[in-house]
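Below you'll find the structure, written out as structure tokens, and then a few comments.
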Amino acid sequence: AFISYSHAVDGRLAPALKSALQRFARPWYAIRAMRVFHDTTNLSVNPDLWGTIDAVLKEVEFLLLLASPEAAASKWVRKELATFAATGRARNIVLVHTAGELHWDDEAGNFDWSKTTALPRLEFPLFTKQPLYIDMRWARQPTQLDLGNPKFRDEIASISSALLGVELEDL
């Protein structure tokens, strides 16, 4: 999975999600439960930042979008979303709502852009059906971002279920 987010709003949440996803439901013999790409912990200095990100986006199976108004305004998040969607895997975008508003319009079959502030509006719809997403607007303090916190653990279980293709109750 690739985490796309705003550093300003979700700079604490993104690495906590990566760590928790890698540890949650990890087989005893494995280093991690899954590979999760997070820019500040996976990128090393190189002369082609976008080329590296582009290559990763084309390899990963899922994009984890931490949706917020700041992410919606980010040229990087917009570019990451557009690149990932262009691979034909928009159905593999996992939404984690961290700030702002998300409002679905059943009649339009898209988000209501007069009310939605947490997603960038692209030239094409990312979703053709209403997505089920995780609401983590409550998760702001370091003590909340720990697998010892039952609410955080439940959210990680739900995301892990989607990423691993395992029923939530089986995790």
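The values are calculated or read from the model by the stated rules, or taken from the named source; none is laboratory data. For clarity, every value in this text was computed on a predicted model and none was experimentally measured. Heads up, the Cβs are rebuilt from the backbone with ideal geometry, glycines too, and the neighbour counts pull from every protein chain shown. Keep in mind that these areas ignore ligands, DNA and RNA; they rest on the heavy atoms of the full protein, side chains included. Shrake-Rupley method; radii C 1.70, N 1.55, O 1.52, S 1.80 Å.
Within the stretch 135-171, if we keep just the residues that are in a loop (DSSP other than H, G, I, E, B), more than 17 Å from residue 11 (Cα to Cα) and hydrophobic (A, V, I, L, M, F, W, C), the residue that is least open to solvent (accessible area, probe 1.4 Å) turns out to be 147. The lone criterion from (1) among the hydrophobic types (A, V, I, L, M, F, W, C); (2) touching a strand residue (DSSP E or B) at 6+ places or on another chain (Cβ under 9 Å); (3) surrounded by 17 or more Cβ atoms within 10 Å (Cβ to Cβ) left unmet by residue 132 is number (3).
Taking the criterion of being in contact with an Asp or Glu (Cβ under 9 Å, 6 or more places away or on another chain), farther than 26 Å from residue 165 by Cβ and of a type in the set (Gly, Ala, Ser), the residues of the stretch 75-113 that qualify are 99, 100. Would you confirm, using the coordinates I've provided, whether residue 38 is under 14 Å from the mean Cα position of the chain (by Cα), within 28 Å of residue 138 (Cα to Cα), open to solvent by 40 Å² or more (accessible area, probe 1.4 Å) and modelled with pLDDT under 95? In short, no. Residues that are among the hydroxyl-bearing types (Ser, Thr, Tyr), within 27 Å of residue 23 (Cα to Cα) and at pLDDT 95 or above occur at least once in the stretch 87-102.
Here residue 22 clears all of (1) in a loop (DSSP other than H, G, I, E, B); (2) surrounded by 12 or more Cβ atoms within 10 Å (Cβ to Cβ) except the condition numbered (1).
Scanning the stretch 82-112 for residues that are of a type outside the set (Gly, Ala, Ser), within 22 Å of residue 155 (Cα to Cα) and touching a strand residue (DSSP E or B) at 6+ places or on another chain (Cβ under 9 Å) yields a count of 10. Scanning the stretch 1-19 for residues that are open to solvent by less than 30 Å² (accessible area, probe 1.4 Å) and of a type outside the set (S, T, N, Q) yields 1, 2, 3, 5, 10, 13, 14, 16, 17, 18.
Residue 118 - would you say it is closer than 24 Å to residue 10 by Cα, of a type in the set (A, V, I, L, M), open to solvent by less than 70 Å² (accessible area, probe 1.4 Å) and assigned to a helix (DSSP H, G or I)? No, not satisfied.
Within the stretch 28-75, being of a type in the set (Phe, Trp, Tyr), part of a helix (DSSP H, G or I) and in contact (Cβ under 8 Å) with a residue 40 or more places away in the chain holds for no residue. Checking each residue in the stretch 106-149 for being among the acidic types (Asp, Glu) and closer than 17 Å to residue 64 by Cα picks out only 135. Scanning the stretch 41-53 turns up no residue that is open to solvent by 20 Å² or more (accessible area, probe 1.4 Å) and within 13 Å of the chain's Cα centre (by Cα). Inspection of the stretch 86-93 identifies at least one residue that is free of Cβ contacts under 8 Å to residues at least 12 places away in the same chain, surrounded by fewer than 19 Cβ atoms within 10 Å (Cβ to Cβ) and part of a loop (DSSP other than H, G, I, E, B).
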